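This report refers to the structure that appears directly beneath it.
FYI, it's all coordinate maths here, none of it is from the lab. Predicted model, so just to flag it, every value in this text is computed and none were measured. When we count neighbours, we look across all protein chains shown, and the Cβ atoms used for this are built from the backbone with ideal geometry, even at glycine.
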Amino acid sequence: MYTVIGVLAAIENVFPPVPADTAVALGAFLSQAGAVSAQSVFWITWTANVLTATSVYFAGRVLGRPFFTGRLGRRLLNQNRLKRLDDLYHRHGSWGIFLSRFIPGVRAVVPPFAGVAHLHFWRAVPPMAIASGIWYAVLTYAAATVAGSLDDVLQLLRQLNWTFASVGGGLVLLAIAILVVRRVRRRPTGG
């Protein structure tokens, strides 16, 4: 069971559709019956997730920039968008990475693009690790203590993903609104 949880938590950073959260929640839920340890579920999940996130960060740092200057890479992400991505990562850095790791569907692309943007290791990896630790601690604790049935576990996953996506999405929208207001204020008035 631990191996499956660790592998799924690791693969999530490479192939985002992998249901790592479901495996972690189910593992934590099974700890109620003594089949596994909730603490072990957390530590295995967090370690595997952080190791692969760090690996993908380094892969993006080493291979990403050359890939996006090649023919296929330019089609996926043209140079203007790549420059915009660099600007966003360098402007919002650690906080942007930290908050993005709570948004389902987004969290897996954060590490490689932080590497592509050549964001310094200490601005990229620690916020990823801390956010992953918080996410998996909340998920493990809730599934191990609150869920009374398998349906409760699945409902818990839906609620946590919705909550974090809503809060993270709301913060992203707020940041965009602030940027738009700043840009509008900086424009010279014609007359």
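For region 104-153, the extents of the C-alpha atoms along the principal axes are 45, 19, 7 Å, listed from largest to smallest. Roughly speaking, what % of Cα-Cα pairs in region 41-110 are separated by over 19 Å, rounded to a whole number? Beyond 19 Å sits 44 percent of the P(r) for region 41-110. Computed over region 12-57, the percent of Cα pairs more than 14 Å apart is 53.
For region 21-41, list residues with backbone N below 14 Å from a point placed 7 Å from the Cα of M1 toward its Cβ? Counting backbone N atoms under 14 Å from the label point, the list is 23-41. The loop-placed chymotrypsin sites (Phe, Trp or Tyr not before Pro) in region 63-106, going by DSSP, include none that has at most 13 neighbouring Cβ atoms within 10 Å of its Cβ.
Between R81 and V138, full extension at 0.36 nm per residue minus the direct alpha carbon distance yields a gain of 17.1 nm.
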